[in-house]
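Heads up, the thing below is written out as C-alpha cells.
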Amino acid sequence: MAAYRSAAGFQRVLHAVKTFDKILIANRGEIACRVIKTCKKMGIKTVAVHSDVDSSAVHVKMADEAVCVGPAPTNKSYLNMDAIMNAIKQTGAQAVHPGYGFLSENKEFAKRLAAEGVSFIGPDTHAIQAMGDKIESKLIAKAAKVNTIPGYDGVVKDAEEAVKIAGEIGYPVMIKASAGGGGKGMRIAWNDEETREGFRFSSQEAASSFGDDRLLIEKFIDNPRHIEIQVLADKHGNALWLNERECSIQRRNQKVVEEAPSTFLDPDTRRAMGEQAVSLAKAVKYSSAGTVEFLVDSKKNFYFLEMNTRLQVEHPITECITGLDLVQQMIRIAMGYKLQHKQSDIPINGWAIESRVYAEDPYKSFGLPSIGRLSQYQEPLDLHNVRVDSGIEEGSDISIYYDPMISKLVTYGKTREEALKKMEEALDNYVIRGVTHNIPLLREIIVHPRFVSGDISTKFLPEVYPDGFKGHMLTAGERRELLATAAALYVAAQLRSQKFLGDLRVSVVPAESRQWELCVELDKGLHMLGVSRSGNNYTVEIDGEKVEVSGEWNLASALLPLTINGKHRTLQCLLRTAAGEITLQYLGTSFKLRVLSKLAASLSKHMPEKVPEDTSSILRSPMPGSVVAVSVKPGDNVAEGQEICVIEAMKMQNSMTAAKAAKVKSVHCKAGDTVGEGDLLVELE
Amino acid sequence: MATYTVGQIPYAGALTRSKVLQNARCYSVSHLSVQERIEQKRKAALTGGGQLRIAAQHKRGKLTARERLELLLDPDSFVEYDMFVEHRCSDFGMEADHNKYPGDSVVTGQGRINGRLVYVFSQDFTVFGGSLSGAHAQKICKIMDQAMMVGAPVIGLNDSGGARIQEGVESLAGYADIFLRNVMASGVVPQISLIMGPCAGGAVYSPALTDFTFMVKDTSYLFITGPDVVKSVTNEDVTQEELGGAKTHTTVSGVAHRAFENDIDALLNLRNFFNFLPLSNKDPAPVTECHDPRDRLVPGLDTIVPFESTKAYDMLDIVHGVLDEREFFEIMPNYAKNIVVGFARMNGRTVGIVGNQPKVASGCLDINSSVKGARFVRFCDAFNIPIITFVDVPGFLPGTAQEYGGIIRHGAKLLYAFAEATVPKITVITRKAYGGAYDVMSSKHLRGDVNYAWPSAEVAVMGAKGAVQIIFRGKENQAEAEAEYVEKFANPFPAAVRGFVDDIIQPSTTRKRICRDLEVLASKKQTNPWKKHANIPL
C-alpha cells in the first residue's frame, strides 16, 4: 500500500493496462516531472513543452520529446494554446495532462483538445465550466445538498455595490475573483473602506491572473480550518472520496504545510464531508481526480468553498495514506476505464505531511519571492519514508517568470508523531544554496506546540507570529549547542589550515595545542568559551556548562552531522570565512556567529563602528518583480503608511508604503519597470 | 682678548653643567646594572610611543604595531630583531633623550603563520608617526636580506606618515635601500604589503613594488601627494578618502588588490591568504589537506552556459563550482571586473584562476583587464603556481578610448605573460574564444598543457554575424550564410580536429579532469631560453 510514499515506490511496475501511447504534459516544474514519472512506469511516451528559458529544465530532460512553445512569460508559452496545439500535432500525442495551474482549468483548452480528438486527462468541459465559476458552482452545490457559505450569488458590479452587499451579509466579508483560485484576487474586508480597497485590488489581480475581473462576495468565516476532500470519479458515474487533506497552514491564502489525515475530523464528519463531495462530483458528472474544498469551523460545521477540477499540488499526501497513484488513476479514467476500487477499499494508512519548500524570504510577510541560481542543491532522499517532488536540480535558475516553489517535501510515518519527526530530519538534511528559502519557517511550524497538538486554523501564522516570523528562538540549552558547534568547527578548520602535505619547511607545532580560549559572538552577545579536543570529540565549556560535540568535521560537506551531548543533530554550515564568521543552519534557522581568538576578541573593542545606511527614508524593493503603479512624484508629501507604489511579483500585487511622513525626494522607478530585490524605488527627504 | 675666570662666564658655565647633568641622566645610568638597563630598554621598546599615543592610535580605530603582529603570527612565534636600534639623528633636538625610542618607529623580525616562516615589519605610528628614519629603513632591509637568503616571504604592515624630515637625505636613502631590496626580492620570495594607515610620498613605491597590496577600509591611504598639495597645485578639492582611500585604489586605480573592513579582519584574512603562497620561488605551491572529493561531479555546470550566445552568466559560478570547497581568494574583485583572477585550491593544491567574466562588458579584454590578468599570471609563474584559465571572450574591446590608451601594448602584456609562463597551464573554453583574444587566453599555441572545450565552445575569428558580413559582403541570403557559419565554426570542432583543444568535455566533469591533470603536471619541467631578463612591453 505504501507504493507512492517514496520515490523508490515508483519502481513498482504499474498494471500493464493499455492506455495511451504518448502523452503531452502541458506544464512545467515539479508537476510535469511528477506526471512523467508515472507515465514512464506505465510505459507511456512523454512530450514536454517548455519556454525558451526552460529549455534545459529537468522536465524537458526527463521527457522523451520536448517542444519549445514560446518565450519566458507564461502567456506567451505555457498559456499559449496555439503553440501547445501545434506541439500536440507535431508529436502525435494522444492525450494531454495539464498538471495544475496554467491551462488545467481552462475550458477553452479542453474544448479545443476535444475538437482535435485529443484526450484531456481531467474532467470534461462541462464540469470545468460549472466548478470553475464560483457563482455557478455554489448554486450547483446548494442543489446537491452540499453545505454552502451565506453570501451573494451574483457578480458584483462596482465598489459601491460591494459595500452595499457587504452591509447586508454583515462584516467580515470576503471578496474574491469569480474565476479565481490559489488565493489570487482574494481580499478580506472588515469595513466599508477595506471593501472598496479590496474590490480595487482584487479586480486588478483577477484581471491580470485570469483575464476575468468578475468578483463575488460572501460571508467570511473567521478562524476556520481549510480541509479538502480528494475525490476520484470515472466516466461511468462512479465516484469515491479518498479522505481529507488538512491545509489550514496558509499565508496570504496560499498553503504552506498540509497533512493527511486531519487531526480534527472524526469518522462521522469525515464520512459526511466525503459523501457531500461525492454527491457534488456526481451532480456535475465529474470524472478524473478532483478536490472539494471546505471551510470547517470550530464546531465542525463545514461549508463548501470550491471544487478544484484538477490534480492538486498537495496530492502526494493522499497517495501516501491511500497507496493510490492519482496520476495513474487519472490516465486510466481518461481512457474510459472504470474505477478499480470501492469506497471500502480506501484506507487511511499512517500519516503524511507535506511542506512546500519555496524560494522566498519567510522573514518578509511569511514569504516574499526570491530568485537566483541553485548553486548547491541536495534533496534528503537517502532518508527512509521521504518523498521529494521537484522539478529543479543543482544549477537550476529560479526566475521571476514562474512559481517560486522549489519542491514538495513529503514525509510519511505510521503515526503523526513519526511523520513529524521525519520532517524535522528531512528539513535539516535539505541543502539549498543560492536562493533564500522558507525552510526556517517550515521547520518552526512543524515543531510549534499548537501545530503538534493539532490546534490550527487558517490564521495560524498571523496568530502565532503576530509581529511576523523572526526565526527560531533559541533556548539557553540550544544557544549553548550552537555556540559549542561554532567553536568546534572553528578549531577543526584552524587545525586543518596547519596541515601542509609533504612540506618539510613547516615548523613542527610544539605538541599540538589541545586547549583553546575563544570568544563567540551571537546576536551581539559575547561568550567566552573554553574548548578542548580529543580526536574528533570536542568539549566546550560555556558559563560553567559543558557541551560535548563530536562528528566527522568534513569541512567540504554542506551537511554537518553531529552528536551534541549524546543527541544526533544535523546542522549546515552556510558560511565560514577567514575572519571567523560562521553561519550555521540550526533547527532550520540560520544563525550568524563570529568566532575569534581571545586576543582578537579583546582587541575588537578598538575597531571602528561602521554606520549602516539609514533606511527609513529609502524605499527598496523587497523582492524581484515589476512595478505596476507609482502613486507619488517628487515633491509630494506622503503620510506614514501611504501607498507609494505597487510591485507585482509572481502574480501577487504588493503595496509599498511610506515608513514615515515625509516629502518625496526622488522617484527611481516607473510603471512597467522590472526591479530586483533591494533596488532603490523611492527616496524620501 | 679679555680673560675671564670661570666664574665670570656664568652663562656658559651653566650651560656646560646642565649638559653634563643631562648627559648623566640619559647616558650614564651607573646606578643601574646592565641587566636592568636591558630590561628598561625592552620595556620602553614594547610601549613604543607611550600609553597616550597608543590610546590615540586605538581611538583612530587602529591597532598598535605589536598588536598587529600578535594577530598576524602564530602565538609565541615572533622573534624580534633590532629592538635596541635607535635613530641617529642629532639635529633639531632629535638627539634628546625623550626623542629616542628603542627600536625606533618599526618592529621587525620573523615568525610563523600556520607553522610556516615569514619575515615581517610593522611600522609603529606611535613613534614619530611611524616616519622612516635611516635606522628604521636599516631594520627593514635587514629582515628582507635574511628573508631572501633563507627563502621566506616578507609581509610589511605599513602605517607611516612618511620620511623622517629631521633626517633629510638619510631618510630618502633609506627608502631607496628598501626599494632596491623590493626589486631584488621580486620573484624570489612573495612580498605582501598591508596598508594600515597613511602611506604617502615616496613611501608608496615600496608597496607598489611588492606582489600584493592590501588596504584597510576607512583608515588607510596611499597617495603621492596629499589633498593639501593637490589643492595648491591643481586647485582640485579632494578628500583623503577620495584621493587615496581603499575604495579608490580597489575600484578606480587598481593600485590595491583588496580591501578589508578593519585591522582584525585584514590580519585574519592575510593569514588565510598566506596559506595559498609558496615560501619562495624554490618551493612548490603548497598542498593542504582537502576534504572535497577530487572526482566530485558538478552537475550545475552542465546548464550554466545559456543557449543564446549573447546572454550573460556569472563566471564565478563556474569557478566556485570547480574549486575545493567553493573557496576562492579573489584578487582585485572590484577592478576590471571583466576578468576574474585569484587563488584557490584543487585537491588541496594552490592554483591561480584566470577567467573572463561574461557578466561584465561581455567578458571582453581591455586595457585594465589585460594588465590585471598579466600581473597575476606572472606572479603565479614566478612562484610555481599552476594556472587554470576559463575562457569566454568575445575579443578585445574596440574604440578610440582603448586604442588611444594603448590597448595594443597593454593587451600584449597578457599575451606575453601567458606565453612566457612555464608552470602547468590548463585552459577550459566554456563558450566564446574569438579572434586574437583566443590566442591570448592561455591557448595551446602559447604552450597550454591541457586545453579543454565544453560542448558550448565556439572557437572562431569572430561571431557569426560579423564574419558573414565580411565573407559575404553585399550578397543576399545573409541569414542562410550565417546559419552555415554557425554550423561550421560556432562549435568546438574546428579547434578539436586540429588538436588545438585536447578534448571536448562534459562540463560537470571539469573538476575531476583538472584535478587529474594537475597531478600529472606536478612534475612538469620547462625552461625558457637564457636571457638577462625578458623585455615585457611595459
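Here, each number is a calculation from the coordinates, and none is a lab measurement. This one's a predicted model, so the numbers in the text were calculated from it and none came from an experiment. Don't worry about glycine lacking a Cβ; one is built from the backbone with ideal geometry, like all the others, and counts go over all protein chains shown.
Structural remarks
- Reach of B:Lys41 by Cα under 12 Å, taken over aspartates and glutamates that are not fewer than 8 positions away in the same chain: B:Asp82, B:Glu86, B:Asp104
- Cβ-based charge dipole, the protein assembly as shown, positive-most Cα from A:Gly530, B:Thr239, B:His98: A:Gly530
- Pairwise Cα separations in chain A fall into 20 Å bins from 0 onward with the following percentages, short to long: 16, 47, 29, 7, 0.
- Under 17 Å from the Cα of B:Lys62 - aspartates and glutamates, other chains or at least 8 residues apart: A:Glu609, B:Glu70, B:Asp124, B:Asp159, B:Asp218, B:Glu241, B:Glu261, B:Asp263, B:Asp265
- Placing R0 at 25 angstrom, the Cβ-Cβ distance between A:Glu160 and A:Ile135 gives a FRET efficiency of 0.80 after rounding to 0.05.
- The smallest convex shape that holds all Cα atoms of segment A:640-685, its convex hull, gives 76 Å³ per residue.
- Here A:Lys299 is the anchor, and the lysines within straight C-alpha reach of less than 26 Å, apart from those fewer than 8 places off in the same chain, are A:Lys134, A:Lys138, A:Lys142, A:Lys145, A:Lys176, A:Lys219, A:Lys255, A:Lys459.
- Fewest-first sequence of B:Thr219, A:Thr263 by Cβ atoms within 10 Å of each Cβ: A:Thr263, B:Thr219
- Förster-model FRET efficiency, 35 Å R0, A:Asp82 and B:Thr310, C-beta, rounded to 0.05: 0.80
- For segment A:325-454, the spread of Cα positions along the three principal axes, ordered from largest to smallest, is 46, 38, 30 Å.
- Of interest is the spacing of the C-alpha centroids, which for segment B:231-285 and segment A:100-178 amounts to 65 Å.
- DSSP bridge pairs, the protein assembly as shown: antiparallel proportion in percent, nearest 5: 75
- Under Karplus coefficients 6.51, -1.76 and 1.60, residue-wise ³J(HN,Hα) of segment A:583-597 in Hz, glycine/proline x: 10, 10, 8, 9, 6, x, 8, 9, 10, 9, 10, 9, 10, 10, 5
- Modelled label reach - A:His236, point 7 Å along Cα→Cβ, segment A:299-316 residues with backbone N closer than 17 Å: none
- All C-alpha to C-alpha distances of chain B, sorted into 10 Å bins beginning at zero, yield P(r) values of 4, 16, 24, 21, 15, 9, 5, 3, 2, 1, 0, 0 percent in whole numbers.
- DSSP bridge pairs, chain A: antiparallel proportion in percent, nearest 5: 90
- Taking a sphere under 13 Å around the Cβ of B:Asp159 and counting the other residues whose Cβ falls inside, with K and R at +1 and D and E at -1, yields a net charge of +2.
- Computed from Cα positions, the angle between helix B:134-150 and the longest principal axis of chain B comes to roughly 50 degrees.
- The Kirkwood hydrodynamic radius of segment A:576-685, based on inverse pair distances between different Cα atoms, is 16.7 Å.
- Karplus-derived 3J(HN,Hα) values for segment B:256-263, using 6.51 cos²θ - 1.76 cosθ + 1.60 with θ = phi - 60°, are 9, 8, 5, 10, 10, 4, 7, 4 Hz; glycine and proline are entered as x.
- In chain B, the longest principal axis of the Cα atoms and the axis of helix B:367-382 are about 70 degrees apart.
- Whole-angstrom Cα spans of segment A:267-343 along principal axes, big to small: 41, 28, 23
- Per-residue ellipticity at 222 nm computed for the protein assembly as shown from its helices equals -9000 deg cm²/dmol, with DSSP H segments shorter than 4 residues left out and the rest contributing -39,500 (n - 2.57).
- Close amide-amide hydrogen proximity is noted between A:Asn243 and A:Gln230, each under 5 Å apart and 5 or more residues distant or on a separate chain (H modeled in the peptide plane; Pro and chain starts excluded).
- According to the Cα-based calculation, Rg over Rh for the protein assembly as shown is 1.04, with Rh computed by the Kirkwood formula.
- Helices assigned as whole DSSP H runs in chain A whose Cα atoms extend at least 27 Å along their own long axis and whose mean Kyte-Doolittle hydropathy is 0.0 or higher are found at A:476-496.
- Label point distance in nm, B:Glu86-B:Leu32, each placed 7 Å from Cα along Cα→Cβ: 1.0
- Relative contact order (percent, whole number), segment A:542-685, Cα cutoff 8 Å, 6+ residue spacing: 17
- DSSP beta bridge pairing in chain B, given as percent antiparallel to the nearest 5: 40
- Segment A:288-393, Rg to Rh (Cα coordinates; Rh as Kirkwood inverse mean 1/r): 1.02
- FRET E, pair A:Asn147, A:Leu383, Förster distance 56 Å, beta-carbon r, rounded to 0.05: 0.90
- Rounded tilt (10° steps) of B:478-489 against the dominant C-alpha axis of chain B: 70
- Computed over chain B, relative contact order equals 9 percent, with contacts defined as Cα pairs under 8 Å that lie 6+ residues apart.
- For segment B:208-280, the orientation-averaged shadow of the C-alpha convex hull comes to 5.6 nm² (one quarter of the hull surface).
- For segment A:41-155: relative contact order, % (alpha-carbon pairs under 8 angstrom, 6 or more apart): 15
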